[in-house]
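The values are calculated or read from the model by the stated rules, or taken from the named source; none is laboratory data. Predicted model only: the values in this text are computed from it and were never measured. Cβ placement follows ideal geometry from the backbone for every residue including glycine, while neighbour counts extend to all protein chains displayed.
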Amino acid sequence: MADRMVSILDGNTFVVSDQRGDIEASPTDTSGLFSYDTRFLSTWVLTVNGERLNTLSIDDLNYFESRFFLVPDTGTVYVNATMSVIRQRAVGGGFREALTVLNHADEPVKLTVRIDAGCDFADLFEVKDAAKKKGKYYHRINHSSLLLGYQRETFNRETTISSTAPCKYDENGLTFELRIGAHSEWSTDLTVATSLVEEISRQKVRGKADRSPDLAANLKKWMARTPKMLCDVPSLDVTYERSLVDLAALRFSPRIAGGRSLPAAGLPWFMAMFGRDSILTSLQALPFVPELAETTLRALATWQGTVLDDFRDEDPGRIVHEMRYGETAAFEEQPHSPYYGNADATPLFVVLLDEYERWTGDSKVVKELEPEARAALAWIDDYADLQGNGYVSYKRRNEKTGLENQCWKDSWDSISYRDGRLPDFPRATCELQGYAYDAKMRGARLARTFWKDPAYADELTRQATDLKRRFNQDFWLPDRQAFALALDADGSKVDALASNMGHLLWSGIVDKAKAKAVVRHLMGPKLFTGWGIRTLAEGEARFNPIGYHVGAVWPFDNSFIAWGMRNYGFKVEAARVAAGILDAAAFFRGRLPEAFGGYERSYTMYPVEYPTACSPQAWSTGAPLLLLRTMLGLEPTEDRISVDPVLPKEIGHLALLDIPGRWGRVDVYGRGRA
Amino acid sequence: MDAVEQFFTEVKGREYEPTLRRISGTVRYELTNGNGKGSPSGNGADTWMISIDKGDLSVAHRTGKADTIVRTDRKLFERIVTGRAAAMSSMLRGLVFIEGDPELAVLSSRLFATTGMMEVRNG
């Protein structure tokens, strides 16, 4: 069902309809016009003389507009329809729809065109569990529009529907009584406008927007600004172009960001600011579109936690997990206003800040965000060390609606012992310690170079060194020659083999002497499928090749692991991971899913897509970009870029032109040998 | 002195707030008595101004030009500055009205936490 639906979107406003362009949402169905996490239209059904239409074709013109060609049902293929209907729809402050009816007959025709319209004003979080609404619905009709509204106490949301051509409005829609001449056409422009923020505030934004309201011109400009890739493998071209277009679609402008954009987590259900997803995607895209990182940093800094708030799992210095604007957030039935329950975005915020400066040389941002970066670093020691053992761990304080698992593998069974037992909370997963180490090391560089605080830099370096030393003892499993997945609440080592180990390489917390053993696990048959590295190793009790975090392969996970292997000198292994994931991308026409099955490559011959509601997913979209950086061995070194390509043989020649950075723009070339 | 006056007095006493040093601008708080939807500027509202100049703070109990206007019921504002209500959910419910620059609105709300009147939020 879901893949036969048509979606278009701009930021957090999106329309999901069937192939006719109709919306017939039930309380549990996810079609409709959504904006700011609220459904603003749940019924939008077109009929001509009381009959539904059939689809001839759909043009997905762009991610923000589509065109539906429709004809009446003649009952048989032997009778030509003498009429056709075109609906061209574009998102923007709701949506606009140009409706055209063409009469192909030799004589005039009289028609009744009707659009049924209605709205349940469901919160995105209510859609799937069909919660009963607590407020009241109302409508207002006048000669030029139909207004649908919802009121719960002072909470108010409205949808206004209007047409340029004359029509009759009633509480359930619009009716056009038409007479169309022979070989003539009739058309109208329909506008569906949503009100939320404009109703409760009139806001002016600072700075200059990075996107013009003309979405088509904007996409063209975006594509022109990004580096050009030339290569011998056509499927890689497709993947690269797909990633850039999808990344454009995933841009989201929080209201505080002055019209500038950051990557939202996924389309369409996760078009919101997510600390972890926005940071990791910004990191992946840094060599291609560095401005996403700047907006991510500024927006997350602005929303940094200030107080202890159990309901929101907020602490001073903590970086946002998720921000939502719907009714459940408004009435505190969900904690997303904003919610802070994650244990990784805060150290990763510092990692991104440092990496951003290394690429762009933009020291202004590093200086401006010094208080937030210091607060984030302080959070690691003051609020994240729940056990007092010097490690970051997590345990939610909001036990009703908070998130139980506050690392990226956020499903209930993702962290387990070999025998399948689940550890208790607080849980200290290993990758969190790596992020904390990296944040401290990078924080030290920032303190020394930009904040003119060498004493603080020394202190951070000392803490990081100590953390690395302790970690390599406390998390090491001598029998398995691997790092434990986590420390249990009682301090026991959670001993399942998992991809989390790969993130440790990226963070640099692994002792050089242990790196080889880690890579051997990651590239061994229990974890590496030939397409990529599984989230959990085959042979562990909870392993399941189609288990979300217990066996499936996540492209984003692999992109960071490959980067980590590179950093430890395992260039050929990194290239093998990159080659596997990019081969898989070709099967998905360049759009990598969030995850795919962890079956052995020789067993299925093609990557088995994991069924998810959300595509494209931001960090899957970013994965090919980071893999390109990794294969080319791109590293900012003072004021220049260093290049050390190790490419899989199949890739042949690869050129990346106009890579932006502190060096201006440069071209790099590589040739496959590995 | 009620919690609202205490809040502005505390802010006035602080003079400098390092976490606001990247921003400059003036916020006008229009605190109304009644339904929370606010009344037109200066019309019967208790109006306070906080000016931020790269972290330097000044407070005035009067009306004037501002980059951001925060309009809400006085009782609700009291609950917000003492941590018994949250600003963002209140805004989404239509109980806090924000006009002007939203970034300044969010950043200036850091002052709620730094006055020491709210170490925890329970609402």
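Residue-by-condition table, conditions (1) of a type in the set (S, T, Y); (2) under 18 Å from B:F112 (Cβ atoms); (3) in contact with a Phe, Trp or Tyr (Cβ under 7 Å, 6 or more places away or on another chain); (4) buried (at least 24 other Cβ atoms within 10 Å of the Cβ):
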| residue | (1), (2), (3), (4) |
| --- | --- |
| A:E314 | no, yes, yes, yes |
| A:Y339 | yes, no, no, yes |
| A:D354 | no, no, no, no |
| A:V366 | no, no, yes, no |
| A:A373 | no, no, no, yes |
If we ask which residues in the stretch A:339-353 are within 12 Å of chain B (Cβ to nearest Cβ) and in a loop (DSSP other than H, G, I, E, B), their number turns out to be 1
Check A:N342, A:N389, A:N398 and return the single one that is more than 25 Å from the chain's Cα centre (by Cα) and either among the β-branched types (V, I, T) or modelled with pLDDT of 95 or more (or both). A:N389
Examine the stretch A:478-497 for a residue that is at positive phi, more than 30 Å from the chain's Cα centre (by Cα) and of a type outside the set (G, A, S), and state whether such a residue exists. yes
Filter the stretch A:432-470 for residues that are surrounded by fewer than 23 Cβ atoms within 10 Å (Cβ to Cβ), within 24 Å of A:L280 (Cα to Cα) and of a type in the set (K, R); the one that is nearest to the chain's Cα centre (by Cα) is A:R445
Being hydrophobic (A, V, I, L, M, F, W, C) and either without any contact (Cβ under 8 Å) to a residue 12 or more places away in the chain or not in a loop (DSSP other than H, G, I, E, B) (or both) is the filter here; which residues of the stretch A:24-42 pass it? A:L33, A:F34, A:F40, A:L41
Picking from A:A224, A:A299, A:A249, which residue would you name as being among the aliphatic types (A, V, I, L, M) and closer than 23 Å to A:V365 by Cα? A:A299
With A:E177, A:E126, A:E185, A:E171 as the choices, which residue is of a type in the set (D, E, K, R) and either modelled with pLDDT under 95 or closer than 23 Å to A:F331 by Cβ (or both)? A:E126
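Going through A:A517, A:A513 one at a time, which residue ends up being without any contact (Cβ under 8 Å) to a residue 12 or more places away in the chain, surrounded by fewer than 21 Cβ atoms within 10 Å (Cβ to Cβ), small (G, A, S) and more than 24 Å from A:E650 (Cβ to Cβ)?
A:A513
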Mind checking which residues of the stretch B:54-71 are over 27 Å from A:E370 (Cα atoms) and touching an Asp or Glu at 6+ places or on another chain (Cβ under 6 Å)? B:I69, B:R71
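Taking the criterion of being part of a loop (DSSP other than H, G, I, E, B) and facing another protein chain (nearest Cβ under 8 Å), would at least one residue in the stretch B:71-84 satisfy it?
yes
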Give the residue that is nearest to A:A105 (Cα to Cα), with candidates limited to residues of the stretch A:142-193 that are assigned to a strand (DSSP E or B), within 14 Å of chain B (Cβ to nearest Cβ) and touching a Gly at 6+ places or on another chain (Cβ under 9 Å). A:E158
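Identify, from the list A:V550, A:V577, the residue that is within 16 Å of A:T535 (Cα to Cα) and assigned to a loop (DSSP other than H, G, I, E, B). Before you say what the answer is, go through the steps one by one.
Numbers: A:V577 fails: assigned to a loop (DSSP other than H, G, I, E, B).
From the options A:V550, A:V577, the qualifying one is A:V550.
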Among the residues of the stretch B:91-118, count how many are over 13 Å from the mean Cα position of the chain (by Cα), of a type in the set (G, A, S) and facing another protein chain (nearest Cβ under 9 Å). 2
Filter result (within 14 Å of chain B (Cβ to nearest Cβ) and over 17 Å from A:E459 (Cα atoms)) within the stretch A:372-393: A:E372, A:Y383
Across (1) in a helix (DSSP H, G or I); (2) under 25 Å from A:L352 (Cα atoms); (3) modelled with pLDDT of 95 or more, A:I256 clears everything bar (3)
